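Visitor: Below are the structure tokens for one structure; questions will follow.
What follows draws every value from the coordinates through simple rules; no lab data is involved. Just so we're clear, the structure is a prediction, and the values are computed from it rather than from any experiment. So basically every Cβ, Gly included, is an ideal-geometry build from the backbone, and we count neighbours across all protein chains shown.
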């Protein structure tokens, strides 16, 4: 199983913990400001990106959905409103993020529809062929073993099911790319330090985005991991992308 550059990018370089453990610790530390900073740093574009990713599932009409790296539950909440499935399960390795997500879901009276659980993308606690669709929003960069996570999501998906991934990417326009590089390298860590008291978390964001094998490279990894009909849609001049892939119906 292949190893990729982003697999080794970690939030705390002087830590003896694994990437997975460091990422969980990092999100526990910034959970209380996560939603606020997401909206602030993206100029509220992030919610529009999520809605467009969810729209990729509208024709499928999925009844049972898994959201991996669910964080505070934004994707399940939006899917509940837009797709009207029967059940949505969100998993994440950060209990701090999940705790905030559960409170949001309770306020919105969505407990009967959405279940948030501690869970690992590389060892999903679910039987084979159970979910109609799997989604990941800004989470695959945090996988410690990318292919293992992708294959595990394929395992729990029904034949004919669909994977939708929303992830940061690199703009093709050189001038805009330089502007984005500057923003991710200098502005986001500074704002992150002010509001979350954790500059390293947002330095990690910059480093993990740069190291992630996006675009055509990621589509090849999806195919290698067993997905068919793979595609990419660039959003907001390429700041992020929607990647899709299907589980072959004969699998």
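Visitor: Just to check, using Stokes-Einstein with a Kirkwood Rh over alpha carbon pairs, what's the diffusion coefficient of the range 17-117 at 10 °C and 1.306 mPa s in µm²/s?
Guide: Approximately 113 µm²/s, per Stokes-Einstein.
Visitor: Which percentage, to the nearest 5, of the DSSP beta bridges contained in the range 28-161 is antiparallel?
Guide: In the range 28-161, approximately 5 percent of DSSP beta bridges are antiparallel ones.
Visitor: Once the Cα atoms of the chain are picked out, what are the Rg and Dmax in Å?
Guide: Over the chain's Cα set, Rg and Dmax evaluate to 17.0, 51 Å.
Visitor: Sequence gap at least 6, Cα distance under 8 Å: using those rules, report the relative contact order of the chain to the nearest whole percent.
Guide: That works out to 21 percent.
Visitor: Hey, rough spin-label estimate for residue 126 and residue 60, points 7 angstrom out along Cα→Cβ, what's it come to in nanometres?
Guide: The answer from the label model is 1.0 nm.
Visitor: While we're looking at this one, here's another question. Express the Stokes-Einstein translational diffusion coefficient of the range 82-222 in µm² s⁻¹, to the nearest whole number, given a Kirkwood radius over alpha-carbon pairs, 25 °C and a viscosity of 0.890 mPa s.
Guide: Diffusion coefficient, whole number: 143 µm²/s.
Visitor: Under a crude label model (7 Å from the Cα following the beta-carbon direction), how far is residue 173 from residue 216 in nanometres?
Guide: The two pseudo-label positions are separated by 2.2 nm.
Visitor: Packing-wise, with mean Cβ within 10 Å as the measure, how do 131-138, 100-107 rank, highest first?
Guide: Packing proxy ranking, top to bottom: 131-138, 100-107.
Visitor: Out of all DSSP beta bridges in the chain, what portion is antiparallel? Express it as a percent rounded to 5.
Guide: Bridges in the chain that DSSP calls antiparallel: roughly 40 percent.
Visitor: For residue 111 and residue 17, what does the FRET efficiency come to when R0 = 51 Å and r is the distance between their Cβ atoms, rounded to the nearest 0.05?
Guide: 0.95
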